[in-house]
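The values are calculated or read from the model by the stated rules, or taken from the named source; none is laboratory data. Remember, predicted model here, so these are calculated numbers, not experimental data. In this analysis, Cβ positions are derived from the backbone assuming ideal geometry, glycine residues included, and neighbour counts consider all displayed protein chains.
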Amino acid sequence: MRGRRIFTKRPVLSCCLLLFLLSIAATGWLIKRTWEELRPFQATLLPQDLTFRKHQFLDRNGIPLSVTFDNPWNVHDWLPLHEIPTLLQEAFIASEDRRFYRHHGVDWLARAHALMQNILALRGVRGASTITEQVVRILHPRPRTLWSRWLEGFEAASLEEHFSKAEIFEFYLNQVPYSRQRRGVLQAARLHFDRDPGTLTAAETLTLAVLVRAPGRLSLKQGAGDLTKSVQRLGDFLIREGKLGANEREELTLTNLHLTELHLPVEAGHFIRQLTHHEFPQQSLPTSEIWSTTGSPRVLTTLDSVLQGQVQDILDQHMHDLKHLDVHNGAALAVDHQTDEVLVWVNSSVIKNENSGGWIDCVTSPRQPGSTLKPFLYGLALDRGWTPATIIDDSPLARPVGDGMHPFRNYSRKHYGPLRLREALGNSLNIPAIRTIQFTGVEDFLDLLHNMGIAGLDRTAGHYGEGLALGNGEVTLLELVQGYTILARGGVVHPLRFTLSGKNYGPTRHRLFSHEAASLIADILSDPQARRLEFGSGNILRFPVQTAVKTGTSNDHRDAWAVGFNHRYTVGIWMGNLDGHSTGGLTGITGPGLILRSVFSELNRFEEAQPLSTSQRLGVARICSNTGQLAGPFCQSIVEKFMLDTMPLTVCTQHGAADSKVTVAGAAQAKIGTTVHIIQPAPNLQMAMDPHIPDSIEAYPMKISGGHAATRVEWSVDGQLAGITGENDRHFMWPLTRGSHQAQARVWQGKGDLPLLTPEVRFVVK
């Protein structure tokens, strides 16, 4: 019996020993595997240390221009803990982890309670994850298994050793997932209420805490029944804890919640696409091909969202007003040429649908520029020896094209004969421009345009021919505005900037025009007197602040342009139809010119008026208005600006005393049939300037008598040429100046006839 007992005890000992060894092995394996699968944490929980795929773009003042929810983390809409409302923090603690500030990562009491509930329910009804464990799950996502829960407990304890409760809670409130790929309370508040958390009501605040439990099941869009009960239960607990006033209980209903979607303050999609194309090309790749990156996830652009919105409204309103002219598309671009920063990038469409071309960026779409290239052509001519007083013949001109002849015409179909370069450019006459490109050469002008950064003119000089002077190629609004910034800066090319700290867009810095030539072109484009023949005296291009302005209209009125610059800003406007069909007679004046004036009004609202930049190496001389030579004693004279090495040296000899007598005799003979005299101002008139009107824009309409033909009228005040008017234009807006004055007019009645000289009229302006 004794031997049998001993025998029977040995298997039990063996089994116990085996179980002991297996438990040691299993424990070792468990410890080893646990150690291998535990993951380390990053150095900080701040957004700048998190990886992301796509940047968020902000305007120059930090206002969002874009949103993206494709990033694995919320790196764009981060709120520091002290900026998150106290009620929202307390609601999350009450809803998710009531002992958050007392445990060390794992709430064992809550786990035991949850285990008991799950056993009694025979299913998983509660998880009891602490906020720290949820942060671990966000940082180290794993399949939802018991093994994952095991690892999360160790990592939660480790997380609380590395970071404070405040750091963990701040990270959680900014990364907790919501529906529709939103993360964090700021994105959730904007998704559901289009407001920031600090502006939410108590009911809305508690709603953000409750929605975290089951974002897919508890939805504001699917009815507020279950959600209201959850919010009220949470509210009751906070009232018992003294975190919420008892009088607020009745307000915890979601039946009156007003749900809104987030809308960006301005539309800047085309600008963002252009920016990402040049500075962040990886963001144009499919998401699967974009490598995660670090650094600043938010990019400050140069765009001014306030100006962007104002210009958008201006353009949209004018597009609506001009829809009777069958114009459907428009664009505006504004640049601060002192800093090279793009401030405004606006597209507009009358018909807001997919067929209107709204998805096409009009700022970068090649279009025919019309006359807007002429200033660059004349700038090239000035640098090659011409002056603003160079005489250019504006007479009928035709050039052979194929087997026929192509006649060049001015827009008005009028011809003015010999004109000074200032008048030819100011009135945007076509025939003088053709004669100018004959002087400079088509190939050299094309090279100049290439050096400006116009890439769309990719054909040969022979393809464009002399018509390049009239804009028979294609350029973009972006290229054109960049070209005018060159004139505004005194002839130097600068690349444009799209971000406040980033690389620039366009050709590298180099000088294209001399400072003197650029200054003269700017002076001509800002001279209201220079454009009177074609545009009249009181047109919309006469700005209250000195502004160089040029308009253009392409063939068949397909494109209308207006570009201008003052001492600081360069602005361009384009209007037309992206499908290429003609408008109903839209011109640069009737469409873009009005918009340009309105845009500059906004830009100048808080700016001190300053003159355009002018070279100090310019001289002035009094010249004969007809010959461009130094004025003789009997010439109708004006003061003109010149480069120092092109100052005129020859005195005009075409207008002597004998010529003056002949002119007076001709006028006397005319009295027999048709008398020509000044009817306004009346002799000895005394007038006073209006104190309510700025002196710089106050003008008086001078008039001559009618009943006769008038092909050209030269108006002189105090012996100096004040302006020129064209065919059958018998009035002239003279800028008022105080003092005693004498007015006289020379009237041409036909080609080849001697001009008639009106009697002198004296008047006083006080």
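For segment 60-72, name all the residues that are at pLDDT 75 or above and hydrophobic (A, V, I, L, M, F, W, C).
I63, L65
Given segment 159-219, what helices (runs of 4 or more DSSP H) lie entirely inside it while holding 2 or more residues that are of a type in the set (S, T, Y) and more than 15 Å from Q134 (Cβ to Cβ)?
Answer list for segment 159-219: 202-211.
Yes or no, residue by residue, for (1) more than 27 Å from T587 (Cβ to Cβ); (2) among the aromatic types (F, W, Y); (3) at pLDDT 90 or above:
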site	(1), (2), (3)
G385	yes, no, yes
P388	no, no, yes
I392	no, no, yes
L397	no, no, no
P400	yes, no, no
D403	yes, no, no
R409	no, no, no
S412	no, no, no
L419	no, no, yes
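Six or more apart or on different chains, Cβ atoms under 7 Å: show the pairs whose first residue is in segment 145-156 and over 10 Å from T34 (Cα atoms) and whose second is among the hydrophobic types (A, V, I, L, M, F, W, C) and outside any helix (DSSP H, G or I).
Within 7 Å, the pairs are G153/V106; E155/L38; A156/V106.
Which residues, counting only those in segment 133-147, are buried (at least 16 other Cβ atoms within 10 Å of the Cβ) and either not β-branched (V, I, T) or not in a helix (DSSP H, G or I) (or both)?
E133, Q134, R137, L139, H140
Residues that are under 35 Å from the mean Cα position of the chain (by Cα), assigned by TED's automatic domain parsing to the domain that holds E90 and modelled with pLDDT under 80: does segment 180-190 have at least one? Walk me through it before giving the result.
Let us first name the residues in segment 180-190 that are under 35 Å from the mean Cα position of the chain (by Cα), namely 180-190.
If we keep only those that are assigned by TED's automatic domain parsing to the domain that holds E90 as well, we get 180-190.
Filter again for modelled with pLDDT under 80, leaving 180-181.
Checked against the condition, which is being under 35 Å from the mean Cα position of the chain (by Cα), assigned by TED's automatic domain parsing to the domain that holds E90 and modelled with pLDDT under 80, segment 180-190 yields at least one hit.
Just checking: which of the strands (runs of 3 or more DSSP E) contained wholly in segment 541-611 hold 1 or more residues that are touching a His at 6+ places or on another chain (Cβ under 6 Å), within 25 Å of A518 (Cα to Cα) and modelled with pLDDT of 95 or more?
569-576
Does segment 73-117 hold any residues that are in a helix (DSSP H, G or I) and either modelled with pLDDT under 85 or not assigned by TED's automatic domain parsing to the domain that holds N174 (or both), and which are they?
Matches in segment 73-117: W108, L109, A110, R111, A112, H113, A114, L115, M116, Q117.
Okay, residues lined up against (1) outside any loop (DSSP other than H, G, I, E, B); (2) touching a Pro at 6+ places or on another chain (Cβ under 9 Å); (3) under 30 Å from V620 (Cβ atoms):
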{"residue": "Q310", "(1), (2), (3)": "yes, no, no"}
{"residue": "D316", "(1), (2), (3)": "yes, no, no"}
{"residue": "M319", "(1), (2), (3)": "yes, no, no"}
{"residue": "W345", "(1), (2), (3)": "yes, no, no"}
{"residue": "I360", "(1), (2), (3)": "no, no, no"}
{"residue": "G379", "(1), (2), (3)": "yes, no, yes"}
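Kindly provide the set of residues from segment 235-252 that are out of contact with any helix residue (DSSP H, G or I) (no Cβ under 9 Å at 6 or more places or on another chain) and either closer than 18 Å to S95 by Cα or among the aromatic types (F, W, Y) (or both), ordered by number.
The answer is R240, G242.
Cβ-Cβ under 7 Å, sequence separation 6+ or interchain: first residue in segment 461-488 and in contact (Cβ under 8 Å) with a residue 60 or more places away in the chain and farther than 17 Å from F408 by Cβ, partner charged (D, E, K, R) and not in a helix (DSSP H, G or I). Which pairs?
E474/R367
Restricting to segment 634-650, count the residues that are over 12 Å from P388 (Cβ atoms) and in contact (Cβ under 8 Å) with a residue 24 or more places away in the chain.
The qualifying residues number 4.
Suppose we filter segment 497-538 for residues that are buried (at least 20 other Cβ atoms within 10 Å of the Cβ), hydrophobic (A, V, I, L, M, F, W, C) and modelled with pLDDT under 95; how many remain?
4
If we scan segment 741-750, do we find a residue that is over 49 Å from the mean Cα position of the chain (by Cα) and either in a loop (DSSP other than H, G, I, E, B) or in contact (Cβ under 8 Å) with a residue 60 or more places away in the chain (or both)?
The answer is yes; a qualifying residue exists.
Return the residue satisfying two criteria in turn: it lies in segment 633-653 and is more than 42 Å from the chain's Cα centre (by Cα) and surrounded by fewer than 19 Cβ atoms within 10 Å (Cβ to Cβ), and of such residues it is nearest to I521 (Cα to Cα).
Of segment 633-653, the ones more than 42 Å from the chain's Cα centre (by Cα) are 633-637, 648-653.
Then keep just the ones that are surrounded by fewer than 19 Cβ atoms within 10 Å (Cβ to Cβ); that gives 633-634, 649-651, 653.
Values: P633: 29, F634: 29, L649: 22, T650: 24, V651: 25, T653: 28 Å.
Result: L649.
Within the bounds of segment 410-417, is there any residue that is closer than 26 Å to R532 by Cα, within 33 Å of the chain's Cα centre (by Cα), surrounded by fewer than 18 Cβ atoms within 10 Å (Cβ to Cβ) and in contact (Cβ under 8 Å) with a residue 24 or more places away in the chain?
yes
Taking the stated definitions as given, is L496 closer than 30 Å to L644 by Cα and in contact (Cβ under 8 Å) with a residue 60 or more places away in the chain?
Against the criterion (closer than 30 Å to L644 by Cα and in contact (Cβ under 8 Å) with a residue 60 or more places away in the chain), L496 does not qualify.
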